[in-house]
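Trainee: Below is one structure. I have some questions about it.
The values are calculated or read from the model by the stated rules, or taken from the named source; none is laboratory data. Quick caveat, the model's predicted, so the values are computed rather than measured. For neighbour counting, all protein chains shown are included, and Cβ atoms are generated from backbone atoms with ideal geometry for every residue, glycine included.
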Ligand code: HPA
Ligand code: ZN
């Protein structure tokens with residue numbers, strides 16, 4: 001008999017919460033270090049994995065950023081994106097809108113052009129080979145200044161055709177969304193779509209979610225499940241058809257649980273819940289694994305997972321025509337399964 005895991009893996013879906021830098025598997029890290037003549041403190045994959053001892057977002061970020069120093073040339077960025085897209089295509093992903101953190105590279109001397117041209121080449125190569133489509137979302141690091149974010153936005157303008165949206169990530173503690181209100185207002189006038197991380201169980205999570213919805217007026221929200229603390233905000237999000245990019249396995253690393261109760265509660269109420277992998281190299285699960293883990297934890301049916309996959313296309317930033325085709329492909333998949 002086929003399992004919910006097999007169903008999850010073959011289900012056509014979009015991935016909407018994925019940090020390219022979070023797809024750096026230890027094997028590729030060693031390969032890039034060798035290529036660039038960088039000495040790593042760890043000698044084996046097991047030693048690298050042993051450093052993945054996260055208890056919250058801050059302890060995760062303390063491992064995540066230093067690992068990026070092996071990314072130096074455009075080829076390195078290309079290979080990272082290509083490896084991820086290869087893996088995603090093998091788990092039913094038809095389309096990805098993926099984050100990249102240019103400031104994590106420009107702040108250590110790697111030019112913006114090197115980063116984005118490498119990622120762009122990885123996207124084009126994967127599309128040619130697997131038919132998977134991908135867009136880039138430029139994330140500002142919220143623990144850097146608003147001035148640096150604005151300068152990064154200006155640096156990105158010549159590449160606007162390669163960037164679909166602007167996001168906000170990194171450490172939320174002491175870095176609320178309003179710190180970047182001006183940057184995001186400018187990004188909007190420049191024609192970018194907007195999304196922001198509202199991480200799980202942060203101090204002031206619900207206030208930040210309120211700001212993001214009512215002041216910044218994002219087009220999507222990343223994580224954001226603490227919204228259940230304010231029913232009026234849940235109603236507002238549902239009325240707007242606002243997409244939530246949840247990441248169950250990631251949640252179980254940075255908090256004590258997957259937050260499946262909140263995710264499923266919002267799904268049942270009609271919120272546009274999607275399921276994603278966040279930083280799969282660190283959390284040990286790609287997007288299909290996340291669908292399967294949530295289904296196993298919360299006893300979801302194939303029809304529930306199909307609803308989540310349809311949501312992913314509904315709140316993705318693709319053309320209406322492609323959206324209709326991809327939603328139809330989910331229905332067709334569900335029919336052949338049952
Ligand atoms: N939250 C904040 N910053 C991040 C994340 C996240 O989920 N993943 C990578 N950087
Ligand atoms: Zn994230």
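Trainee: Name the residue that is nearest to residue 77 (Cα to Cα), counting only residues in region 12-27 that are under 20 Å from the mean Cα position of the chain (by Cα) and away from ligand 1 (no atom under 16 Å from the Cβ).
Mentor: 26
Trainee: When you check residue 284 against the structure, is it without any contact (Cβ under 8 Å) to a residue 40 or more places away in the chain and under 16 Å from the mean Cα position of the chain (by Cα), yes or no?
Mentor: Yes.
Trainee: Then there is this: Counting just the residues of region 1-11 that are in a loop (DSSP other than H, G, I, E, B) and out of contact with any helix residue (DSSP H, G or I) (no Cβ under 7 Å at 6 or more places or on another chain), which one comes out farthest from ligand 1 (Cβ to nearest atom)?
Mentor: 1
Trainee: Please enumerate the residues belonging to region 294-315 that are touching a strand residue (DSSP E or B) at 6+ places or on another chain (Cβ under 9 Å) and farther than 12 Å from residue 12 by Cβ.
Mentor: Within region 294-315, 294, 307, 311, 314, 315 qualify.
Trainee: Find the residue count for region 290-321, including only residues that are closer than 25 Å to residue 99 by Cβ and free of Cβ contacts under 8 Å to residues at least 40 places away in the same chain.
Mentor: Looking only at that region, the number is 3.
Trainee: Report, by residue number, each residue of region 64-76 that is buried (at least 19 other Cβ atoms within 10 Å of the Cβ), in a helix (DSSP H, G or I) and more than 16 Å from ligand 1 (Cβ to nearest atom).
Mentor: If the condition is that a residue be buried (at least 19 other Cβ atoms within 10 Å of the Cβ), in a helix (DSSP H, G or I) and more than 16 Å from ligand 1 (Cβ to nearest atom), then 70, 74, 76 are the ones that fit.
Trainee: Would you check if residue 84 is surrounded by fewer than 22 Cβ atoms within 10 Å (Cβ to Cβ) and within 14 Å of ligand 1 (Cβ to nearest atom)?
Mentor: Taking the combined requirement at face value, the residue does not satisfy it.
Trainee: Still on this structure, I have one more. Please find, within region 199-218, the residue that is nearest to the chain's Cα centre (by Cα) out of those that are assigned to a loop (DSSP other than H, G, I, E, B) and either within 16 Å of ligand 2 (Cβ to nearest atom) or surrounded by 20 or more Cβ atoms within 10 Å (Cβ to Cβ) (or both).
Mentor: 199
Trainee: (1) away from ligand 1 (no atom under 16 Å from the Cβ); (2) at pLDDT 95 or above; (3) buried (at least 20 other Cβ atoms within 10 Å of the Cβ): which one isn't true of residue 34, the others all being true?
Mentor: Among (1) away from ligand 1 (no atom under 16 Å from the Cβ); (2) at pLDDT 95 or above; (3) buried (at least 20 other Cβ atoms within 10 Å of the Cβ), residue 34 violates only (3).
Trainee: Look through 271, 303, 232 and report the one residue that is more than 16 Å from ligand 2 (Cβ to nearest atom) and either crowded, with 22+ Cβ neighbours inside 10 Å or under 17 Å from residue 17 (Cα atoms) (or both).
Mentor: Criteria check complete, one pass: 271.
Trainee: Could you please find all residues in region 37-63 being within 16 Å of ligand 1 (Cβ to nearest atom) and either surrounded by fewer than 14 Cβ atoms within 10 Å (Cβ to Cβ) or in a helix (DSSP H, G or I) (or both)?
Mentor: Residues satisfying the conditions are 55, 57, 58, 59, 60, 61, 62, 63.
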